[in-house]
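This report concerns only the one structure given below.
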Amino acid sequence: MFDKTISYAVNGIDAHQITVEADIKGGLAKFSIVGLPSNTVKESRDRVTAAIRNCGYKFLSYNYTINLAPADLRKDSVALDLPNAVAILAAGKQIRSDKLASHALVGELSLDGQVRPIRGILPIAIAARRDNVKGLLVPTENAIEAAVIEGVAIYPVATLNDAIGFIEGHLDIEPTQVDRESLFSSLNESVVDMLDVKGQFHVKRAIEVAAAGGHNLLMLGPPGSGKTMLARRLSTILPDLVLDEALETTKIHSVSGVLGSGKGIVTERPFRSPHHTISDVALIGGGSYPKPGEVSLAHNGVLFLDELPEFKKSVLEVLRQPLEDGVVTISRAAHSLEFPAEFMLVASMNPCPCGWFGADVPGHSCICPPGKIQSYRARVSGPLLDRIDIHVEVPAVAYADLSGAPDGESSRVVRTRVNAAREVQHTRFADDGIFRNAQMNPRLIRKHCRLDDTGQSLLKTAMDKLGLSARAYDRILKVSRTIADLTAQKDISAEHVSEAVQYRSLDRKFWV
């Protein structure tokens, strides 16, 4: 006796259609799952057996074989529990329906037949639409997330009996509907604002420039100067997510299982702040069955590394590829996967281990010997620093600023300027496949970052005196272009170059 169902398995951040074939025959009682299943999928045997019996169906002592096709694709998902159970019941002639040929099923089964939520439902729904599947049966908790994708009917099921009832036509289930426009436009109001930051006007300006061009940022200053506070407010001035960015970000969060319960789509740019004890695999992604790391979870958002030198050097060095390429490539013997990693790197650090080197604060003086200071700073390599476009010093806040009323501009006002600058960049790079100044390659830098004689002379003097690298030269030009965009100027002036050079001055001041 034979029958089959349709399901999906996630590989990386994309889903692939799986045909679940069930064959039942007499002989020695046995239950085999073939087709490159992981241990998680192999354990489906016990969950499926118990769920079938506890839902009132027979599971006789026969030889059961489940084949997951295509056989050369690794499967590592509990989402195959539900289609495995339905395929066995259909092969045993306990249920029968033509819907099995046009509907797909995904879901984890508990021992009593409850259908539990799974990871990666959004890429599964996208794949089901691509494959022209008529309907997709999903766990109830995943229905809103899956229904964000138009073109495929999403049917929520709470138990194995619900799924069987719908398949046989005994139970009517209304497809889940969501108002996609209102869901996407319902941005959560942030509880933090740039107006909360007192003083530090030049740092806030640097953060605005970083947000406008998508530039990486390093803040260096003593303890309590507001580095973390400023970093957490960066996300409040970043441009709004567009729908394509939101869907791509949601896919990554869905596969990783970090999407909030009942939340159909990510509506705000991610802000990830891993602890300095993180491993390189957790940061970059990987594992036997590769999963996205923190750099991918920060895709289209911000990755904040607080106390940068406290991270292991091996961890920091793996950031080089994603910072340059915007993707993470993870290779294994059997396959290779790419995870998107277009993020803004924001880092903070103290100037020395005690934190008070160069700080003009009464009662606080640096007690670190020179060798220890040099060793501390050497934990951040030159190549990594070169990949950070903007370096800014964050001094201790004066009492007059702390005791005064909030001043400066709100996040909403700053975000308006940032959005306007990003619109300029979207128009400029419409035919180049990029969206912000930080992504410019050398060809685009030559095309869009031309300097007049005054600007060239100023930049030459800065390069000679600061001893900057060729990569730093490109960074200065990119930042100059962003500063000009913030003022709606087509040409880069010497004033723009001068401000951009200031954001590289820490290269020599603290790393000599």
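The values are calculated or read from the model by the stated rules, or taken from the named source; none is laboratory data. What you see is a predicted model; the values in this text were computed from it and never measured. Note that we place each Cβ from the backbone using ideal geometry, even for glycine, and neighbour counts take in every protein chain shown. When the accessible area is computed, the model is the full protein with side chains, heavy atoms only, and any ligands, DNA or RNA have been set aside. Shrake-Rupley method; radii C 1.70, N 1.55, O 1.52, S 1.80 Å.
Once you have the Kirkwood Rh of the range 416-486 from its Cα pairs, apply Stokes-Einstein at 37 °C and 0.692 mPa s and quote D in µm²/s.
Values: Rh = 12.9 Å.
Once the numbers are plugged in, D ends up at 254 µm²/s.
Protein chains only, probe 1.4 Å: how do Glu338, Glu310 rank by accessible area, largest first?
So, going from the largest accessible area down, we get Glu338, Glu310.
For Lys313, give me every one of the aspartates and glutamates with a C-alpha distance below 16 angstrom, ignoring sequence neighbours fewer than eight places off in its own chain.
Within the straight-line cut-off, Lys313 pairs with Asp280, Asp386.
Which FRET efficiency, nearest 0.05, do Ala488 and Asn63 yield, Cβ-Cβ r, R0 56 Å? Could you put the intermediate results ahead of the total?
On the way: r = 74 Å, r/R0 = 1.32.
Using R0 = 56 Å, I get an efficiency of 0.15.
Compute the signed sum of charges (Lys and Arg +1, Asp and Glu -1) over the other residues within less than 12 Å, Cβ to Cβ, of Ser493.
Neighbour charge sum, excluding Ser493 itself: -2.
Give the calculated FRET efficiency between Gln177 and Arg205 to the nearest 0.05, with a Förster radius of 56 Å applied to their Cβ-Cβ distance.
Efficiency, from the Cβ-Cβ distance: 0.75.
State the Cα centre-to-centre distance between the range 199-263 and the range 428-480 in whole Å.
That distance is 24 Å.
What is the sum of charges around Thr140, taking Lys and Arg as +1, Asp and Glu as -1, for the other residues whose C-beta is under 12 Å from the C-beta of Thr140?
Here the charged neighbours net out to -2.
Per residue, how many Å² of accessible area does the chain show with a 1.4 Å probe?
Value for the chain: 44 Å² per residue.
With +1 on each Lys and Arg Cβ and -1 on each Asp and Glu Cβ, and nothing else charged, work out how big the dipole of the chain is about its Cα centre, in Debye to the nearest 20.
Once rounded to the nearest 20, the dipole reads 1140 debye.
Kirkwood Rh, the range 105-187, all Cα pairs: how many Å?
13.1 Å
With no solvent and one equal point scatterer placed on each C-alpha of the range 283-332, evaluate the Debye formula and give log10 I(q)/I(0) for q = 0.18, 0.21 Å⁻¹, two decimals.
-0.59, -0.80
Using only the Cα atoms of the range 339-455, build the gyration tensor, take square roots of its eigenvalues as a ≥ b ≥ c, and label the shape rounded, prolate or oblate: rounded if a/c is under 1.5, else prolate if a/b is larger than b/c, else oblate.
The shape class here is oblate.
Using a/c under 1.5 as the rounded threshold, could you call the range 260-345 rounded, prolate or oblate? The axes a ≥ b ≥ c are square roots of the C-alpha gyration tensor eigenvalues, and prolate needs a/b larger than b/c, oblate otherwise.
Oblate.
So how much slack lies between Glu317 and Asp240, counting 0.36 nm per residue of separation and subtracting their Cα-Cα distance, in nm?
Taking 0.36 nm per residue and subtracting the Cα distance, the gain is 24.7 nm.
The range 127-164: which trypsin sites (Lys or Arg not before Pro) are DSSP loop and have at most 16 other beta-carbon atoms within 10 angstrom?
Details: sites: Arg129, Arg130, Lys134; in loops: Lys134.
Those satisfying the criteria are Lys134.
Check the straight Cα-Cα distances from Lys204 and name the lysines below 25 Å, setting aside those fewer than 8 residues away within the same chain.
Lys227, Lys478, Lys490, Lys509
Shape of the range 20-70 from its Cα gyration tensor (a ≥ b ≥ c, root eigenvalues): rounded if a/c is under 1.5, otherwise prolate when a/b > b/c, or oblate? Walk me through the intermediate numbers first.
Values: a/c = 1.99, a/b = 1.28, b/c = 1.55.
It is oblate, given that a/c is not under 1.5 and a/b is not larger than b/c.
Give me the percent of accessible area attributable to carbon and sulfur for the chain, probe 1.4 angstrom.
Summing carbon and sulfur atoms, their accessible area is 50 percent of the total for the chain.
Given a 1.4 Å probe and heavy atoms of the protein chains only, how would you sort Arg180, Arg96, largest accessible area at the top?
On the way: Arg180 75, Arg96 155 Å².
Largest accessible area first, the residues go Arg96, Arg180.
Given points 7 Å out from each Cα along the Cα-Cβ axis, report the Lys134 to Arg450 separation in nanometres with one decimal.
For Lys134 paired with Arg450, the spin-label model returns 6.2 nm.
Return the FRET efficiency for the residue pair Ala101, His170: r is the Cβ-Cβ distance, R0 is 22 Å, and the value is rounded to the nearest 0.05.
FRET efficiency, Ala101 to His170: 0.75.
For the chain, take the longest principal axis of its alpha carbons; what is the angle in degrees between that and the long axis of helix 44-54, to the nearest 10 within 0 to 90?
50 degrees
Can you give me the orientation-averaged projected area of the convex hull built on the Cα atoms of the range 1-102, in nm²?
If I average the Cα hull's projected area over directions, I get 6.3 nm².
Sorting check: for 287-300, 234-247, which peptide has the highest mean count of neighbouring beta carbons within 10 Å, and how do the rest follow?
Values: 287-300: 22.4, 234-247: 18.6.
Ranked from most to least packed, the peptides come out as 287-300, 234-247.
Excluding residues fewer than 8 places away in the same chain, name every one of the lysines whose C-alpha is closer than 23 Å to that of Lys93.
Counting by Cα, and skipping residues close in sequence, Lys93 has these lysines nearby: Lys4, Lys25, Lys30, Lys58.
Specify the inter-centroid distance of the range 108-122 and the range 38-70, based on alpha-carbon positions, in whole Å.
15 Å
Compare the peptides 417-428, 493-504 by average per-residue count of other Cβ atoms within 10 angstrom and give them in order, highest first. Numbers along the way, then the final one.
Working: 417-428: 18.0, 493-504: 20.8.
Put in order of decreasing packing, that is 493-504, 417-428.
Distances longer than 45 Å among the Cα atoms of the chain: what percent of all pairs is that?
28 percent
With both bridge residues required to lie in the chain, what share of the DSSP beta bridges run antiparallel, to the nearest 5%? Please list the in-between numbers first.
On the way: 28 of 58 bridges.
If I count the DSSP bridges inside the chain, around 50 percent turn out antiparallel.
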